[in-house]
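Notes for the one structure printed next.
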Amino acid sequence: MDYRKIGRDAAETSLFGMGCMRLPLEVQPDGSKQHGKIDEDEAIRMIRYAVDHGVTYFDTAYPYHQGNSERVVGKALAGGYREKVLLATKMPVWQVKKTEDFERLLNEQLEKLQTTWIDFYLLHALHEESWQNVKRLGVLDFLEKARQDGKIRHIAFSFHDQLPVFKEIVDSFAWDMCQIQLNLLDENYQAGLEGMHYAAERGISIVAMEPLRGGALAQKVPPDIKAVWEQAPIKRSPAEWAFRYLTDYPQISVILSGVTTMEQLVDNIRIFDDAKPESLTGLEKNLLGQVQTIYRDKIKVGCTGCNYCMPCPFGVSIPDVFRIYNQAFLYDDPAASRKQYQSLLSKQHDASQCQSCGQCEPQCPQNIPIIAKLAEAHAYLTQT
């Protein structure tokens, strides 16, 4: 496992950070899976396996798995595992209405996680409006006091907005870390590479999220992408290429990967075993550039499957609609996507159930015009 420094105190962390947003789910009697119903035994087994094999950074958040991720992570880290890891979780800033909410939420999270301290406490998914709200309510003073009281050790934020807002937040405080969306398709999206360099130059550590863009970069690879990867002298999986793209940046302290299966976890540990910074060759960088161009031309909706838009009050499975729609183009297989969409139609989770209420759009970190894109996806996926 490759290890790097993180925080202003230069704590050591594994470069691979296990994201706990996509933990394995229980299979329901009807064969379906519900995002809030974690397969606890398997999730705990995976988290402990990761610790036993050198992973020291674990990332969760208040809303993940409909509030159950923190609870399961807390169970997994009991029995001596907590002291071996850096634990990160996030304040749900959208739930903060008054100053007293800061302490109430933090105390609730500490209880669910079965710990007395959080190593990295992030303001979750900051954008212009939420940042102004918590700043007005005195969040920075609260975080400093929480650190003095020993409840948190590093002060951080995750970000989903435009670059100027990112720079404003970076310049407002001596943050220990910021978490940004970064992958081989999102170099110039939100904070992007410019934001990464801007924060790093100011002593702020970088944690990269969505390295596989919600899994889209690791799934079935279309022939034109496969043809590019096959030109490489060293053969690697698409997931490994996506991770290698990020590991090449020495500014990045942690790369988060939200694993769902033990197979994925084992493969990630293998990939990060020897992933060193600035190790890509000129030929490999050229191949990555070709793949970036091809993929960007294919994607129709920039959804990463984060589920922040869910649940929909009318039953639309928004991330699934967009995933199926994108797959039609990413994998050059519209027939397969249309067949898959029939399952959503039969369960009335398809885009035709949308009532344009608008509840989902303010929650979307990617600022997707969800209502319009649902209509577009539905029209395409129901063509005969």
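The values are calculated or read from the model by the stated rules, or taken from the named source; none is laboratory data. Owing to the predicted nature of the structure, the values given are computational and were not obtained by experimental measurement. With ideal geometry, Cβ positions are generated from the backbone for all residues, glycine too; neighbour counts draw on all protein chains shown. Surface areas here come from the heavy atoms of the whole protein model, side chains and all, with no ligands, DNA or RNA. Shrake-Rupley method; radii C 1.70, N 1.55, O 1.52, S 1.80 Å.
Tabulated values for the structure
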| quantity | calculated |
| --- | --- |
| For Phe159, distant residues with modelled amide H under 5 Å away | Ala125, Leu126, Gln179, Gln181 |
| Calculated FRET value between Phe173 and Tyr3, using beta carbons and R₀ = 25 Å, to 0.05 | 0.40 |
| Isolated Cys residues of the chain, judged by Cβ distance under 4.7 Å to other cysteines | Cys20, Cys178, Cys303, Cys306, Cys312, Cys354, Cys357, Cys364 |
| Distance (nanometres) between label positions extended 7 Å along Cα→Cβ at Gln162 and Glu40 | 4.6 |
| Whole-Hz couplings from phi, Karplus 6.51/-1.76/1.60, listed for region 31-38; x for Gly and Pro | x, 8, 10, 10, 4, x, 9, 7 |
| Accessible surface, the chain, averaged per residue in Å² (probe 1.4 Å) | 42 |
| Where labels lie 7 Å past Cα in the beta-carbon direction, separation of Glu361 and Asn133 in nm | 1.8 |
| Karplus-derived HN-Hα couplings along region 10-27 (A = 6.51, B = -1.76, C = 1.60, θ = phi - 60°), whole Hz, x at Gly and Pro | 6, 5, 8, 9, 5, 4, 7, x, 7, x, 10, 9, 10, 5, x, 10, 5, 8 |
| Helix-derived mean residue ellipticity, 222 nm - over the chain, DSSP H n ≥ 4, -39500 (n - 2.57), to 500 | -12000 deg cm²/dmol |
| The chain: antiparallel DSSP beta bridges as a percent of all, rounded to 5 | 15 |
| Estimated FRET transfer efficiency (Leu345, Asp297; beta-carbon r; R0 30 Å; 0.05) | 0.55 |
| Estimated FRET transfer efficiency when R0 is 22 angstrom, pair Arg104-Glu144 (beta carbons, to 0.05) | 0.80 |
| Phi-based couplings in Hz for region 301-306 (Karplus 6.51, -1.76, 1.60; Gly and Pro marked x) | 9, x, 7, 9, x, 6 |
| Surface/4 of the Cα convex hull for region 239-367, nm² | 10.0 |
| Positive-end extreme of charge dipole, region 82-131 - chosen from Ala125, Thr115, Met91 (charges on Cβ) | Thr115 |
| Contour minus Cα-Cα distance for Asp333 and Glu263 (0.36 nm per residue) | 22.6 nm |
| Sulfur and carbon atoms: percent of accessible area, region 8-106 [1.4 Å] | 47 |
| Dipole magnitude of the chain, debye to nearest 20 (Cβ charges: Lys/Arg +1, Asp/Glu -1, about Cα centre) | 340 |
| Region 313-384 versus region 52-91: alpha-carbon centroid distance in Å | 32 |
| Shape of region 302-362, Cα gyration tensor, a/c cut at 1.5 | oblate |
